Amino acid sequence: MTELLYLSSLDACYQKEMEASVVRAGEGGVVLDRTIFYPTGGGQPTDKGWLKWDGGEATVTEVVKRGREVVHRVVGDLPRRGETVSGILDWERRYAHMRMHTAQHLVSALAFDIFGARTVGNQIRAERSHIDFYPAHFGEEELKRIEEEANVRIEEGRPLKIYTLPREEVDRIFSDGRVDVSRLPESVREVRIVEIEGVDVCPCGGTHVKNLKELRGIEVLSRKSKGREKVRIYYRLK
């Protein structure tokens with residue numbers, strides 16, 4: 001089992017370096033006992049960076065979750081089992097994804113609260129991201145409203161926090177359909193929650209910023225029909 005260090009708090013999302021012990025290493029990649037690297041999932045792309053140890057180093061090109069372990073796919077040397085390694089994030093990439101992921105929560109919350117549109121998919125990118133909504137009938141006026149409301153919350157500097165709730169309480173909170181909690185495995189009895197004060201409460205395993213001010217501003221770029229009552233909107237940050 002790999003301990004996911006970024007899950008514990010917002011401060012942990014900002015950890016740029018770590019030390020860990022090698023569980024095993026081979027052609028498939030390097031498995032560590034703990035990691036700050038985020039594996040691809042939930043619409044958020046993989047972290048990248050470097051592993052270094054006495055006598056060797058490797059570039060982390062992709063991170064994936066395999067059951068309860070996280071595999072770091074690398075180019076370069078391979079450490080020995082039991083070796084202590086230093087992990088260093090490509091921080092510019094990670095922070096861009098943190099900002100974009102928090103922006104996704106903000107836009108999704110506003111779209112649901114104002115227009116009753118549920119988020120049914122998303123893809124985070126460093127430069128431009130998108131969110132899929134259903135049922136949605138967004139025109140230019142609706143997109144402008146979402147953008148304006150989002151920028152008001154950003155200017156207000158709403159803080160975020162991370163905590164866990166029992167599964168039963170999560171099922172009750174999201175009985176309005178805002179989030180499809182049925183997608184969570186039944187084995188998950190404690191759910192990690194990301195909250196934007198006064199704006200959104202959402203189950204999430206991703207990395208986020210501490211305050212909406214870090215987004216600086218958001219621009220809703222365009223929309224695209226993805227089928228009956230399903231709309232994809234594209235956005236970027238300033």
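Output the residues belonging to region 204-233 that are of a type in the set (A, V, I, L, M), part of a strand (DSSP E or B) and surrounded by 15 or more Cβ atoms within 10 Å (Cβ to Cβ). Working first, answer last.
First, the residues of region 204-233 that are of a type in the set (A, V, I, L, M): 209, 212, 215, 218, 220-221, 231, 233.
Now drop any that are not part of a strand (DSSP E or B), which leaves 218, 220-221, 231, 233.
Answer for region 204-233, where residues must be of a type in the set (A, V, I, L, M), part of a strand (DSSP E or B) and surrounded by 15 or more Cβ atoms within 10 Å (Cβ to Cβ): Ile218, Val220, Val231, Ile233.
Please go through region 11-28 and pick out each residue that is within 18 Å of Asp90 (Cα to Cα), out of contact with any Ser or Thr (no Cβ under 8 Å at 6 or more places or on another chain) and surrounded by 13 or more Cβ atoms within 10 Å (Cβ to Cβ).
Across region 11-28, the qualifying residues are Ala12, Tyr14, Gln15, Lys16.
Which of the residues spanning region 138-176 are among the basic types (Lys, Arg) and touching a Phe, Trp or Tyr at 6+ places or on another chain (Cβ under 9 Å)?
The one that is among the basic types (Lys, Arg) and touching a Phe, Trp or Tyr at 6+ places or on another chain (Cβ under 9 Å): Arg145.
Would you be able to say whether some residue in region 119-127 is in a strand (DSSP E or B) and more than 28 Å from Ser9 (Cβ to Cβ)?
Yes.
Taking region 140-192, which residues are polar (S, T, N, Q) and part of a helix (DSSP H, G or I)?
Of the residues in region 140-192, the ones polar (S, T, N, Q) are 151, 164, 175, 182, 187.
Listed by number, the residues that qualify are Asn151, Ser182.
Going by the structure shown, is Val201 assigned to a strand (DSSP E or B), surrounded by 13 or more Cβ atoms within 10 Å (Cβ to Cβ) and in contact with a Cys (Cβ under 6 Å, 6 or more places away or on another chain)?
No.
Without any contact (Cβ under 8 Å) to a residue 60 or more places away in the chain and more than 17 Å from Thr119 (Cα to Cα) - does that describe any residue in region 210-223?
yes
Every number here is computed from the coordinates shown, using simple stated rules; none is lab data. Every value quoted in this text rests on a predicted model; they were computed, and no experiment measured them. Positions of Cβ are generated from backbone atoms using ideal geometry, with glycine treated the same way; all protein chains shown enter the neighbour counts.
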